[in-house]
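Heads up: the structure comes next, in structure tokens.
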Amino acid sequence: MEVTGEMLVGARAVRGTEGTIYAVNPATGEKLTPAFAGGSAKDVDAACALAKAAFDAYRATSLEQRAHFLETIAQGIVDLGDLLVERVMSESGLPRPRVEGERGRTVGQLKLFAALVREGRWLNVIVDHAMPDRKPAPRPDLRSRKIPVGPVAVFGASNFPLAFSVAGGDTASALAAGCPVVAKSHPSHLGTSELIGRVIQRAVADCGLPEGVFSLVFGEGNAVGEALVSHPAIQAVGFTGSRRGGRALVALAAAREVPIPVFAEMSSINPVFVLPGALAQKAEQMAQGLADSVTMGTGQFCTKPGIVLGMEGVAFDRFRQAAEAAIAAKSATTMLNAGIHSAYEHGVAQWAGHDKVDKLASGQEPAKSSFAGQPTLFATSAKDFLATPELMDEVFGPTSLLIACGGADDAVAIAEQLEGQLTATLHMTEEDTDLARRLLPVLERKAGRILVNGFPTGVEVCHAMVHGGPSPSTSDSRVTSVGTMAIERFLRPICYQDFPAGLLPESLQENNPLHLWRLIDGKLQQP
């Protein structure tokens, strides 16, 4: 398989006609071949029309067929071998171990959703039998299940070229639900996206599915993305990116004649509270953990801890000094693209020039020939943080802001003033339980995941994971973009009243031919 610079519209490879786009190696600034050309509204329409035509046939596939399809994609990604790894490295600047780890996560997600599909519990089957003799009025026979919403648009993310991209969690969960996918590549990962797209295209054919189950389009700027979200065939959107980009898509989707949901993961500063008992016992250990977390992936994880709060005093001074030393020892590493690097440099400069913020430490100087992000550490007081709303803005990259609190009231006040977050973290010992109990109800309102004695970078892909939170961390706090609960975004409930047995879907039939867990007359029954 080779990278050709073509889009994939159903079973066809299509050369775009709108401009010329190159992926760029962020470590060197070199343009990578081949050249790609952006798609047009006509290309988007063709992909969406195929997705619409494929929907009913694809959602009617058996659970085993759909699970096998997901596993076929997973194996196809593995079979790409070094061709994929090296292309990702050249387009992202990420080191080989990170790319190989992300490839493993992507494959693992697909296999996890395959297992979920086979199990079928996500269908949420409920049967309430008729009660013809009930007084004062009989009850009809009522049966419900969940069905897919329709074709889904998926936008590739900049910071995870595999796990949050063409075959990432949004695509895996949409395909698992029974929704065709039209994916838009991130412009930084054009070759990577084509390679993965061709794997999915081949899996569609090998599994005998309608060609419109998957398409891949490219485009620089906003035109292709706007055409995709506006297309009447698209029924939901998955997006990971900036707050500005996510909110623009939400507004566009809401303005449609028939509005649709946009599940956008946007921005988060992921507060970390280092409570007094923990500071007294392990200030230096926590400081090193913080530096490692802040600089992991050059600070380009959406769960990077952006602010750290502690009670001013001797123990917090120890923590600050250890954090300064740990950050100063960190190397500058390549950021994902020129735009992210420029935004990071701008954010750091704003903090460095702010009269309420002190710059504590900088990491090693970056090479001038690359888009390298230099780690930095800043500090301010709780009073100044509360009075300065712009300090709550995310700075995407390897930096964090230490906040000295005068007491517990300051910590609670900051927690109350925070926007919605993906994560919040408590570092504590048993003696901190009362303060943690005071903070917890606030953090439950503010975040989708709360950690104790850890750091939020690193999101486990499993059944219990919640990678979401109140706005602006996401556009819908009721769902997650990671883990098996992500399938809920692309399903809706439907009820069947007084249906003849011959018309009922298999999942609702009386003899339970699919061997599903079901709620029957209010009692959970196993197969």
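Brief remarks follow.
- Square roots of 5 times each gyration tensor eigenvalue, C-alpha, the stretch 109-205, largest first, Å: 41, 12, 11
- For the stretch 1-93, relative contact order (Cα pairs under 8 Å, six or more residues apart, normalised by length) works out to 28 percent.
- Taking Cα centre as origin and charging only the Cβ of basic (Lys, Arg, +1) and acidic (Asp, Glu, -1) residues, the dipole magnitude of the stretch 40-182 rounds to 620 debye.
- Computed from Cα atoms, the angle from the helix 82-92 axis to the main principal axis of the chain rounds to 50 degrees.
- Axis angle, to the nearest 10 degrees, between helix 96-119 and the longest C-alpha principal axis of the chain: 40 degrees.
- Taking a sphere under 15 Å around the Cβ of Gly420 and counting the other residues whose Cβ falls inside, with K and R at +1 and D and E at -1, yields a net charge of -1.
- Here's the list of aspartates and glutamates a cross-link from Lys111 could span, going by alpha-carbon distance under 19 Å and ignoring same-chain residues fewer than 8 apart: Glu64, Glu71, Asp79, Glu100, Glu102, Glu119, Asp170, Asp206, Glu460, Glu488.
- Given R0 = 30 Å, the distance between the Cβ atoms of Asp393 and Asp317 translates into a calculated FRET efficiency of 0.65.
- Prolate/oblate/rounded label for the stretch 33-83 (Cα gyration tensor, a/c 1.5): oblate
- Antiparallel %, DSSP beta bridges [both residues in the chain], to 5: 45 percent
- Helix 433-446 axis, angle to the chain major axis (alpha carbon atoms, nearest 10°): 50 degrees
- Global form of the chain, assessed from the alpha-carbon gyration tensor, a/c cut-off 1.5: oblate
- Residues Val24, Val14 ordered from highest to lowest accessible area at a 1.4 Å probe: Val24, Val14.
- In this Cβ point-charge picture (+1 for Lys and Arg, -1 for Asp and Glu), the stretch 441-505 has a dipole of about 200 debye about its Cα centre.
- Taking every alpha-carbon pair under 8 Å whose residues sit at least 6 apart, the stretch 145-278 reaches a relative contact order of 25 percent.
- Residues Arg198, Arg143, sorted by accessible area with the largest first, give Arg198, Arg143 [1.4 Å probe; ligands and nucleic acids excluded].
- Overall, the accessible surface of the stretch 137-192 at a probe of 1.4 angstrom is composed of carbon and sulfur to the extent of 59 percent.
- The separation of the stretch 482-507 from the stretch 259-312, counted between C-alpha centres, amounts to 39 Å.
- For the stretch 344-471, the number of Lys pairs separated by eight or more positions or lying on different chains, with C-alpha atoms closer than 25 Å, is 4.
- Contact order normalised by residue count of the chain, Cα under 8 Å, 6+ apart, percent: 17 percent
- Spatial offset of the stretch 190-211 relative to the stretch 434-469 amounts to 36 Å, using the alpha carbon center of each.
- Placing a label point 7 Å from the Cα of Lys42 along the Cα-to-Cβ direction, the residues of the stretch 1-18 whose backbone N falls under 11 Å of that point are 17-18.
- The spacing between the stretch 4-35 and the stretch 66-132, judged by their C-alpha centroids, is 25 Å.
- The GluC sites (Glu not before Pro) of the stretch 175-266 that DSSP puts in a loop, and whose beta carbon has at most 10 other beta carbons within 10 Å, are Glu257.
- Separation of the Glu460 and Asp141 label points, Cα + 7 Å toward Cβ, nm: 4.3 nm
- For the stretch 185-255: rounded, prolate or oblate by the Cα gyration tensor [a/c cutoff 1.5]: oblate
- Near the amide H of Leu451, within less than 5 Å, lie the amide hydrogens of Ala424, Thr425, Leu426, all on another chain or at least 5 residues away, with H placed in the peptide plane.
- With each label modelled as a point 7 angstrom along the Cα→C-beta vector, the Lys31-Arg202 pair spans 3.0 nm.
- Ser471 accessible area, assembled protein chains, probe 1.4 Å, Å²: 70 Å²
- For Glu431, solvent-accessible area (1.4 Å; no DNA, RNA or ligand), Å²: 140 Å²
- Reachable lysines from Lys184, criterion Cα separation under 18 angstrom, eight or more residues apart if same chain: Lys42, Lys52
- Evaluated over the stretch 120-271, the Cα radius of gyration and Dmax, each in Å: 19.2, 66
- Neighbour net charge for Lys330 - beta-carbon separation under 12 angstrom, K R +1, D E -1: -3
The values are calculated or read from the model by the stated rules, or taken from the named source; none is laboratory data. As the structure is a prediction and not an experimental result, all values here were calculated from the model. Reconstructed Cβ throughout: ideal geometry from the backbone, glycine too, with neighbour counts over all protein chains shown. To get the accessible areas, we keep the full protein, side chains included, count just its heavy atoms, and leave off ligands, DNA and RNA. Shrake-Rupley method; radii C 1.70, N 1.55, O 1.52, S 1.80 Å.
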